[in-house]
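One structure is given here, and the rest of the page talks about it.
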Amino acid sequence: MKLFEKIPNPREIRRKLGLNQQEFWSRIGVTQSGGSRYESGRNMPKPVRELLRLVHVEQIDLSKVRREDFEIVEYLKETHPDLYKSLRKAVRTKLEAQDGSVEITAA
């Protein structure tokens, strides 16, 4: 799923993750009633859509992410692109090998 891409069906994502509306939407700062409206087809603002993608599709724990992490990644990409590509490939291989991972793709 690409950056700012329309979320095909947030209800489907929530159900695949086995979460109720309260659990799912509160993780990105949206009330249950607001999330219910998005699941019913109301237009979702870009910031909410992006948080949903990061937290529920990409499975990123935002409480662990720091600005310095992004700076390190950018530095590595600029100064050691071969190492960056090698590490990226290793991480993808590791993630693909993990059991029980939930993969959600755009329709």
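The values are calculated or read from the model by the stated rules, or taken from the named source; none is laboratory data. For clarity, every value in this text was computed on a predicted model and none was experimentally measured. Cβ: placed from backbone, ideal geometry, glycine included. Neighbour counts: every protein chain shown. For the accessible areas, the whole protein counts, side chains as well, though only heavy atoms, and no ligand, DNA or RNA atoms are used. Shrake-Rupley method; radii C 1.70, N 1.55, O 1.52, S 1.80 Å.
Quick notes on this one:
- Any hit, the range 7-14, residues being in contact with a helix residue (DSSP H, G or I) (Cβ under 7 Å, 6 or more places away or on another chain), open to solvent by less than 60 Å² (accessible area, probe 1.4 Å) and not in a helix (DSSP H, G or I): yes
- Entirely in the range 31-98, the helices (runs of 4 or more DSSP H) that have 2 or more residues that are without any contact (Cβ under 8 Å) to a residue 12 or more places away in the chain and open to solvent by 90 Å² or more (accessible area, probe 1.4 Å): 67-79, 81-97
- Hey, residue 34 over 20 Å from residue 88 (Cα atoms) and in contact with a helix residue (DSSP H, G or I) (Cβ under 8 Å, 6 or more places away or on another chain) or not: yes
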